[in-house]
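Structure first, then comments.
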Amino acid sequence: MPDRSSQARGRPLRRVLPAPAQQAPVAAAPAPPPSSRRDVILAACNTCRKQKTKCSGERPSCSRCLQRRSECLYTTQPGETTSQALKRGYRDLRQRTSVHEELFELLRNLPDREADHVFKRIRDGADVNTILNLIRAGNLLLQMAVAPETRFRYEFPYRSEMPDYCIENNPYLDSIIWGAASLYAHQDRQPDVLAAASAAGRAGDYGTEGYESIYLKPFHAAEVVDPRLIDARISRWTSVSNDDALMREMLAVFLRCEYMFTSAFQKDYFLDDLVAKRDEFCSSLLVNIILAYACVCSQRVSNRAEYWNPDTLVYRFLAEAKRIWELEAHEPRITTIQAGILFSVFHNLCGLDEIGQPYRLQAIELAREIRLFDSTVGGRSEKMKRCMSFMAWTLFSWESLVGFSFLFSPLIKEPPNWRLPDPSKEPNWYGEIWLKYPLSTTLSPSYFGYIFRSKCQFRVIMHDFALAAYTEGSQVTVEKAYELRQRLKSCTYYHYLIITIFEPLIDTETNMYQEPSPREIIAESKRHLQTLMRLYYLRHGYDAMDLFLVVPLMLAASECLEAIDEGTTGQDLEVQRSTLILVAKGLYDQRRNHYLAEALFRVIRGRMRPPEVALLRETMNLDDKEWDEKRDMVQAVRSSWPVSVVKKKETVDSQILTNLVENYGHLNVEDTDAPQGLHPRDKQKLWS
């Protein structure tokens, strides 16, 4: 059989034809003609709906209404169905009803005269919306014209009521301050107290309105009024800033709050020379250190507590003042002595009293060089005599306070022999500071002369105690303590001094004529001191700059921290916690103004137990970011100040601020044992 493959090879190959050409695509089938069915009509006109005939739905008139020449109306909007129109009509009806109800409420509640005016407009045919818009616009304009309420009352952060132990037999709660400031005063007491305030205002030399403003409004709401501050060109005295308006405002705030505490210069003499560009009682050195201090008082200055930050205004004023001090520190002038005092105070509020000490020493040295404390030196003008006498008492007061606070014998051993005039007879010797409170049509005096004179007299007693207690080989006996107590009068620092005098003598035996006992005296002063601290908060709060606050706050905090332990439960624990959290809030608010409060707040927070730390976070509503900010101390603290009363000389080192910051200021108290998210009341139940 022949081979097929060989046969296939012998055949001719089939001719390959080209591929057929592509055919044109078939056209799509044409769309079917539109249906002859009429388009769906969303809503018919009222006439067609009434006659139940088909409606073309055309607007403004359908075809049937056009043929019949009848009015064509629709209850629906274009593109709206009948059900949608019904819902819209219901909403409009409710709105119209609410508008009429609002008008009815206004007619029922408006005063008769205004209600008659509204009713007359209704009778005249005015639309209800027009009437309401007129009334609303009138109310808005009235709200814009009325000044805000100034009789604001602060509320304690943890427990809103005054502790019971502060209420019983407390003379401060019978005062005008308590009746005017507290929301919790007894109803039968408050009218009498306010009546007494009004009577006192009428009996005084000043108007009742201005007098009551002191008792009804916080001090930081007032503005200093002095014609010399209106156009003063402070920029001529400093190269740091040319914003005269800002510097005038800062100086006014300083005069309102911290000038009362320091009084480093006589205000009138300083302002006269500041405006007139005279250098007898004003200098660039003094102006720059005053403005550096004023920065921490003004809330307009950002980061005012960061004295180390070159970008802040306080740093620049301080740097300029230090530069001039290096040039003029040895010039025996009044302004140089005044600047030295302010340098010392400023470093104290930064927690750097050790660095500020040379300024104080130089001021004392210059004062002795010009014989500041000797009133018998001749050749001085009457104005210079007044300024020097004012300056002598200022320097003596500051040295007495520093010696008392830092436990050393003052370098100035005797009070000045310059007399302190009666403020009622020689008010110009002191210089009054006039304040304008909101909504008040009169000016209120700050009674600076009385404050300065009382402060100097008080510092004399403080000076005598410091000499007796801290001079080598000397000590305060029980007899000396009772003698000093008889010389004291009631004020906030009075109780601080009383506690300092009697605390080391708490266990000392006394005779039958020495009543009450040291323990009873201390307990009463602590109670009264906490009362004053709370009354201050109710009226003024703790936000505004006040260096005076840190001493009573720390004294109260130390007392609470010592009283709270594992055995403290129930109501006693609640009372101690309320005071401790109030103190912590005060230091936390003040830390925005000066760095000393930052250090003290960290010490208090570091000494708290975890339950109290948790309560503090929850009560003050601090988020994690705010709580953890500045966790590490940005600047070192170099302070020899014992922050609480020293009972024994052997325990002084444990109370020094620098040592406390090292022990407690850097503690991480973030990891507390209390569950997060609990209300303070629930946490109290958990830990008590």
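Summary table
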| item | result |
| --- | --- |
| Over 32 Å (Cα to Cα) - which of LYS267/LYS480; LYS267/LYS649; LYS385/LYS455 fall in this group | LYS267/LYS480; LYS267/LYS649 |
| Shape box of the stretch 550-628 [Cα atoms, principal axes, largest first, Å] | 36, 28, 16 |
| Extension gain, THR441 back to ARG88 (0.36 nm per residue minus Cα-Cα distance, nm) | 121.6 nm |
| In order through the stretch 232-243: 3J(HN,Hα) via Karplus (6.51 cos²θ - 1.76 cosθ + 1.60), integer Hz, x for Gly, Pro | 5, 9, 5, 4, 6, 9, 9, 9, 6, 8, 10, 8 |
| Extension reserve of the GLU58-LEU106 stretch, reckoned as 0.36 nm per residue once the Cα distance is removed | 12.8 nm |
| Accessible solvent surface per residue of the stretch 220-462, calculated while the other protein chains remain in place, 1.4 angstrom probe, Å² | 38 Å² |
| Eligible aspartates and glutamates near LYS217 by straight Cα distance, threshold 17 Å, same-chain separation 8 or greater | GLU149, GLU155, GLU209, ASP543, ASP546 |
| Sulfur and carbon atoms: percent of accessible area, the stretch 475-665 [1.4 Å] | 46 percent |
| Long-range Cα-Cα pairs in the stretch 206-339 (distance over 21 Å), rounded percent | 43 percent |
| 4 °C / 1.567 mPa s Stokes-Einstein diffusion coefficient of the stretch 234-298, Kirkwood radius on C-alpha pairs, µm²/s | 110 µm²/s |
| The stretch 307-367 - Kirkwood radius from inverse mean 1/r over Cα pairs (Å) | 11.8 Å |
| Residues ASP164 and GLU562, FRET efficiency given R0 of 22 Å [Cβ-Cβ distance, rounded to 0.05] | 0.60 |
| Among 48-60, 521-533, 104-116, the order from most to least packed when residues are scored by Cβ within 10 Å on average | 521-533, 48-60, 104-116 |
| Note, ³J(HN,Hα) from phi for the stretch 501-512, Karplus 6.51, -1.76, 1.60, rounded to Hz, x at Gly and Pro | 5, 9, 4, x, 9, 5, 9, 7, 6, 10, 8, 5 |
| Long-range tail of P(r) for the stretch 475-665 (Cα pairs > 31 Å, %) | 20 percent |
| Using θ = phi - 60° and Karplus 6.51 cos²θ - 1.76 cosθ + 1.60, couplings along the stretch 430-436 (whole Hz; Gly, Pro as x) | 8, x, 7, 10, 9, 10, 10 |
| Rounded if a/c under 1.5, otherwise prolate or oblate - the stretch 273-413, Cα gyration tensor axes | oblate |
| Taking N as its residue count, the alpha carbon Rg of the stretch 414-526 over 2.2 N^0.38 Å | 1.39 |
| Highest to lowest packing among 594-600, 372-378, scored as the average C-beta count within 10 Å | 594-600, 372-378 |
| Cα-only Debye scattering, the stretch 220-462: base-10 log of I(q)/I(0) at q = 0.09, 0.10, 0.17 Å⁻¹ | -0.36, -0.45, -1.43 |
| Amide H within-cut-off set for TRP434, under 5 Å, with H built and near neighbours excluded | VAL225 |
| Spin-label model distance (nm) - SER454 vs ARG380, 7 Å beyond Cα toward Cβ | 2.7 nm |
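The values are calculated or read from the model by the stated rules, or taken from the named source; none is laboratory data. Here the structure is a predicted model, which is why all the values come from computation and not from measurement. We place every Cβ from the backbone using ideal geometry, glycine too, and count neighbours over all the protein chains shown. When the accessible area is computed, the model is the full protein with side chains, heavy atoms only, and any ligands, DNA or RNA have been set aside. Shrake-Rupley method; radii C 1.70, N 1.55, O 1.52, S 1.80 Å.
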